[in-house]
Amino acid sequence: MENSDPLTFFSAYERALQLNGIDGADWPKFLASCLTKKANKILAGLTLDQCRNYAACKGAILTYFHLDAAAYFQRFRQARKQTDETFQMFRTRITDYYTYFIESKQIKTLEALKDAIVAEQILSVLPSDTKQFVLSKQSQSADDCCKVADLHLQMARTTGAPQFQGTAQNPSPPAGRKPMGEPGMHLRPKGPSRGVLIGLTVTKVTRPIRPNRMQ
């Protein structure tokens, strides 16, 4: 087992035992010999009854490596085919990611699956601070995510914190108007007439033309 990818290990481990016709109740017996020292230390912290339960052993190891439903879904979305694997192997890998996601969320119905996917999509578009706030409240459903996110944005408006869309520091000039230039920019009038600098706008001053008197 490699510390970097315990999901791949469990997928290969379970498939190998299934191919050899090993009963699921005996899976924990072969697990310790395939794990790293760090992973075996995790099992050492479990009770004897828990060590006899494969799901408990697997859950403890994945929890230690911070692999929860969100991590499974992220790996599913970000997975890319490796150069040393076929498309069949790639399909198996991402199917395992998605299966782990469903199992960790304890999804049993199509309605629950739909709600979970919508909730993940909502989380993916939230700004980082709002997303962390929603996750800290352990929101489970899409509706809960929306309520907590709206609460955070309302709190931000009340306290004067930066809003969702942010504030443009250099806003674009209105349509039809030219930019006035950068601060500290000196504009000098061209031509023979004298110029008066007011702010950043140059106003030309010309002498009025007087009509010649008739002789």
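Read the figures in this text as sums done on the coordinates, not as results from a lab. As the structure is a prediction and not an experimental result, all values here were calculated from the model. A quick note on method: Cβ atoms are made from the backbone with ideal geometry, for glycine too, and the neighbour counts reach across all protein chains shown.
Relative contact order of the range 107-161, taken over Cα pairs closer than 8 Å and 6 or more residues apart, is 35 percent.
Of the GluC sites (Glu not before Pro) found in the range 81-140, those that fall in a DSSP loop while having at most 16 other beta-carbon atoms within 10 Å are GLU85. Fully extended, how many nm does the chain gain between LYS37 and ILE102 (0.36 nm per residue separation, minus their Cα-Cα distance)? Gain on stretching LYS37 to ILE102: 20.5 nm. Exceeding 22 Å between C-alpha atoms, which entries from my cross-link table qualify? They are LYS37/LYS58; LYS41/LYS105; LYS58/LYS137; LYS29/LYS105. Among LYS37/LYS58; LYS41/LYS105; LYS58/LYS137; LYS29/LYS105, the Cα-Cα distance tops 22 Å for LYS41/LYS105; LYS58/LYS137; LYS29/LYS105. Basic side chains Lys and Arg get +1 at the Cβ, acidic Asp and Glu get -1 at the Cβ, and with that the dipole of the range 107-161 about its Cα centre reaches some 100 debye. Placing R0 at 45 angstrom, the Cβ-Cβ distance between ARG157 and ARG91 gives a FRET efficiency of 0.45 after rounding to 0.05. With viscosity 1.306 mPa s and temperature 10 °C, the Kirkwood radius over alpha carbon pairs of the range 1-121 converts through Stokes-Einstein to a diffusion coefficient of 102 µm²/s. Would you mind ranking LEU7, LEU151 by Cβ crowding within 10 Å, fewest neighbours first? Sorted ascending by nearby Cβ count, the order is LEU151, LEU7.
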